[in-house]
Amino acid sequence: MKQSIFKILSNTPLTSTVYRMVLQGDTSAITAPGQFVNIQLSGRFLRRPISVCDYDGSTLTILYKVVGGGTAQMAAMEEGQTLDILTGLGNGYDLSVSGAHPVLLGGGVGVPPLYRLAKDLLAQGKTVSVVLGFNTASEVFYADEFRALGCDVTVTTVDGSYGTKGFVTDALPENYTYFYTCGPEPMLKAVYRAALTSGQMSFEERMGCGFGACMGCSCKTLTGYKRICKDGPVMRKEEIAW
């Protein structure tokens, strides 16, 4: 974990509620796709945990949805302003077990961490399928960015207004070697039941500290209680108590 000051390079809307923020700063503590950062906002007691979408040696990209006062405050920030950010939080995805043809399943704001995961898997020579799930066409984002990487992309919408009608589990490819997923818990449970292989699931949870001190985000697993922020947010399918 590392605390640094980041400068905002851009902060642009992707949909009516989802924004992409690119920041400049020290990203050396970020070591794996699926990790998250914790952002301090003026006047707010708790930091805001946001998953890492992408990063390089000096820039960090996050995608976030405006759901309350804190994220609305972020959406109003402009280029040149700074943020106090904790980086390198959580355990990310393990790419070593992906096999040759992994599938990535993202729902809503669970999509962002899969972007860097897809980049890293493709860099290893894997064939990557991506299924992105949304409620309706106006909520769709980052499908083109995944396609530009070279992924085989399918988009599902609950109302059928874009792509395949239904849920991400309705668009699982016929052959895949492993799955990675991130999204709301109902989606994760559906993937858990539908998936034919082993996989890894990234959990969304309200956090107090973000680095394992407060125990506020503990959850029960088959091997005992674990902290989403410290032992997760990524967990193996086989250890989840569902």
Query - All-pairs alpha carbon distance profile, the chain, 10 Å steps from 0, percent - result: 8, 33, 38, 20, 2
Query raised in the report: Mind checking which aspartates and glutamates have their C-alpha under 17 Å from Lys126, skipping anything on the same chain fewer than 8 residues away?
Result: Asp94, Asp152, Glu174
Requested in this report: Quickly rank 132-138, 105-111 as a protection proxy: mean count of other C-beta atoms within 10 Å, highest first.
Outcome: 105-111, 132-138
Requested in this report: Within 10 Å, count the other beta carbons around each residue, average over each peptide in 70-78, 90-98, and list them highest first.
Outcome: 90-98, 70-78
Report task. Calculate how many DSSP beta bridges within the chain are antiparallel, expressed in % of all such bridges and rounded to the nearest 5. Result -> 60 percent
Query raised in the report: For the chain, what is the relative contact order in percent, using Cα pairs closer than 8 Å and at least 6 residues apart in sequence?
Result: 18 percent
Requested in this report: Please arrange Thr157, Thr87, Thr181 by counting, for each residue, the other beta carbons lying within 10 Å of its beta carbon, fewest first.
Outcome: Thr157, Thr87, Thr181
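Just so you know, all these numbers are worked out from the coordinates, no wet-lab data involved. For clarity, every value in this text was computed on a predicted model and none was experimentally measured. A quick note on method: Cβ atoms are made from the backbone with ideal geometry, for glycine too, and the neighbour counts reach across all protein chains shown.
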